[in-house]
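The values are calculated or read from the model by the stated rules, or taken from the named source; none is laboratory data. For clarity, every value in this text was computed on a predicted model and none was experimentally measured. Here the Cβ is made from the backbone with ideal geometry for all residues, glycine too, and neighbour counts use every protein chain on show. To get the accessible areas, we keep the full protein, side chains included, count just its heavy atoms, and leave off ligands, DNA and RNA. Shrake-Rupley method; radii C 1.70, N 1.55, O 1.52, S 1.80 Å.
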Amino acid sequence: MKKILIFLGVVIVIFGAITYLTNAKNEEKVEESDNPYKKDTLNPATIDQLADPVYQNLILPEELADKLDKGADATVYFYSPTCSHCQRTTPELVPLSEELDINLEKFNLLEFEQGWDEYQLESTPTIIQFKDGKEVARIVGYNEPDVFKQWFEQNTLK
């Protein structure tokens, strides 16, 4: 019985050390990066994307709300770093938006979960086109690049 307790104690200490080291490493990555999220802690999946060029041009909740309150236009890509459909869509979508000269702003729902309710989102990825601060169109889910191109041409490039 004594050996089992010692073994369990060692296992608990090892797991505690692993957790501590992982958290410390993640905090170090956040501090070393130019953290656009303005948060002290980030989900590890978000941390992994900080340096990825397709996950730049982020918009924070306050910035989006301010933009919409002022009646501005915006094309916003709502995504989650842990969403498999987003992981497939983003590398195709971002170059397409750049090719079409569309300012595709990215809203990370893993870091800012209030976006789900605020923009009545049911799944990711979702792109919403706002005109004069109001939603005028949305496209949901993974689509082929041609479908996104047609959607952009109909809703964004007008």
**Study point:** Folded to 0 to 90 degrees: helix 84-99 orientation relative to the chain principal axis, Cα
**Key:** 40
Review point. Got a sec to turn the phi values of segment 2-15 into Karplus ³J(HN,Hα) couplings, 6.51 cos²θ - 1.76 cosθ + 1.60 with θ = phi - 60°, whole Hz, x for Gly and Pro?
Key: 5, 5, 5, 5, 5, 4, 4, x, 5, 4, 5, 5, 5, 4
Check your understanding: Where both partners of a DSSP beta bridge lie in the chain, what percent of those bridges are antiparallel, to the nearest 5?
Key -> 65
Exercise for review: Give, as a single signed number, the net charge of other residues whose beta carbon lies under 14 Å from the beta carbon of L58, with Lys and Arg counted +1 and Asp and Glu -1.
Suggested key: -2
Exercise for review: Kindly flag which residue pairs out of K38/K149; K38/K131; K39/K149; K106/K149 have an alpha-carbon separation exceeding 25 Å in this structure.
Suggested key: K38/K149; K38/K131; K39/K149
Review point. So between F15 and K39, what do we pick up on full extension, going 0.36 nm a residue minus the alpha carbon distance?
Key: 6.0 nm
Exercise for review: Would you please state which residues of segment 107-146 a label at K70 would reach in this model, taking the label point 7 Å out along Cα→Cβ and a backbone N cut-off of under 14 Å?
Suggested key: 132-133
Point to revise | Given 14 as the ceiling on other Cβ atoms within 10 Å, longest exposed-site-free region of the chain for GluC sites (Glu not before Pro) in DSSP loops | key: 1-112
Exercise for review: Kindly express, to the nearest 10 degrees and within the range 0 to 90, the angle between helix 145-155's C-alpha long axis and the longest C-alpha principal axis of the chain.
Suggested key: 50
Exercise for review: For segment 115-154, state what percent of all Cα-Cα pairs lands in each successive 5 Å bin, counting from 0 Å until the bin that includes the largest distance.
Suggested key: 6, 21, 31, 23, 16, 5
**Study point:** Cα gyration tensor shape for segment 49-132, rounded if a/c is under 1.5, else prolate or oblate
**Key:** oblate
Point to revise | segment 42-158, accessible surface, carbon-and-sulfur percent (1.4 angstrom probe) | key: 45
Point to revise | Relative contact order (%) - the chain, alpha-carbon pairs under 8 angstrom, separation at least six | key: 23
Review point. Mean residue ellipticity at 222 nm from the helices of the chain, using -39,500 (n - 2.57) per DSSP H segment of n ≥ 4 over the full residue count, to the nearest 500 deg cm²/dmol?
Key: -15500 deg cm²/dmol
Practice item. Report the local net charge at T82: Lys and Arg +1, Asp and Glu -1, summed over other residues whose C-beta lies under 15 Å from its C-beta. Key: -2
Check your understanding: Is the shape of the chain best called rounded, prolate or oblate, per the rule: a/c under 1.5 gives rounded, else a/b larger than b/c gives prolate, else oblate, with a ≥ b ≥ c the square roots of the Cα gyration tensor eigenvalues?
Key -> prolate
**Study point:** Accessible area of the chain divided out per residue, in Å², using a probe of 1.4 angstrom
**Key:** 60
Review point. In nm, what is the difference between 0.36 nm times the number of residues separating E153 and Q56 and their Cα-Cα distance?
Key: 32.7 nm
Exercise for review: For segment 49-109, run through the trypsin sites (Lys or Arg not before Pro) and keep only the ones in DSSP coil with at most 11 other Cβ atoms within 10 Å of their Cβ.
Suggested key: K70
